[in-house]
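J.: One structure, as structure tokens, below. Some questions next.
No value in this document is a laboratory result; all are computed from the given coordinates. Just so you know, these numbers come straight off a predicted model, no measurement behind them.
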Amino acid sequence: MTKAWKFLVPSALLAALSFFACNKNDDALATEEAIDQALYDVQERGGLGSYGCYELIFPVTIQLPNNVTAEVNSYEDIAQQLRSYFQANGRPKRGIRPPFSFVFPISVVNAKGEVIVVEDDEQLRRLRAECQGAFGHHGPNGYSRHGVACFEFIFPITIVFPNGTTAQADSKRAMHQLIQSWRRNNPTSAERPTLAFPLQVKLRRTGEIVTVNNADELAALKSSCRQ
């Protein structure tokens, strides 16, 4: 092998490795951008999360682009489900927003501490119409890292039902089950369960644990997350 070939072969190999590495990085970046956009779209549509008026009660079931459903316990779980989908089905095209949706019913908590059972997409859109959120001031870039949720509830939490009875939820799942059970037994009720104060939450951005003493403090906390 001549000296020229000895020089060219390693150079060509290095170029090929660099090309594949760049493609892999591009794929990973495109995937994370698509996840950010998907989370942003779903939250904007319902006025959810840090930039909206409502906090989602997990667990929820989502439907993925291939019509597969999965139960998730956090927004991070949703992101991982989408990431796995893209790894199995190829790189998402730029500018194409991957459709994923909630399997209803779901439950959300508003800034007054009321628990709202959302039966369908139409009801979710009606809630959004009542919400003066901050989505127009914040885009989807990096959304899965800093947008998503304002806070996480610290359990146990006491739920006060419209008839005056109470129940303690020791976990996300227990809270979800209590609310769904109440709704099944009271399908026509216009009143809503509420969270008992004081309660504690963990702020997503800082990790700080905050005691919320009343509905006004909860509303102020939600408002601060939109800034």
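J.: Return a single number: how many Lys pairs in the stretch 10-225, at a sequence separation of 8 or more or on separate chains, have alpha-carbon atoms below 16 angstrom apart.
T.: Close lysine pairs under the 16 Å cut-off: 4.
J.: Oh, and also: I'd like to know how the stretch 10-225 sits against the 2.2 N^0.38 Å rule of thumb: what's its Cα Rg over that expected value?
T.: 1.16
J.: Follow-up question, since we're still on this one. Return the percentage of antiparallel bridges among DSSP beta bridges fully within the stretch 10-225, rounded to the nearest 5 %.
T.: That works out to approximately 95 percent antiparallel.
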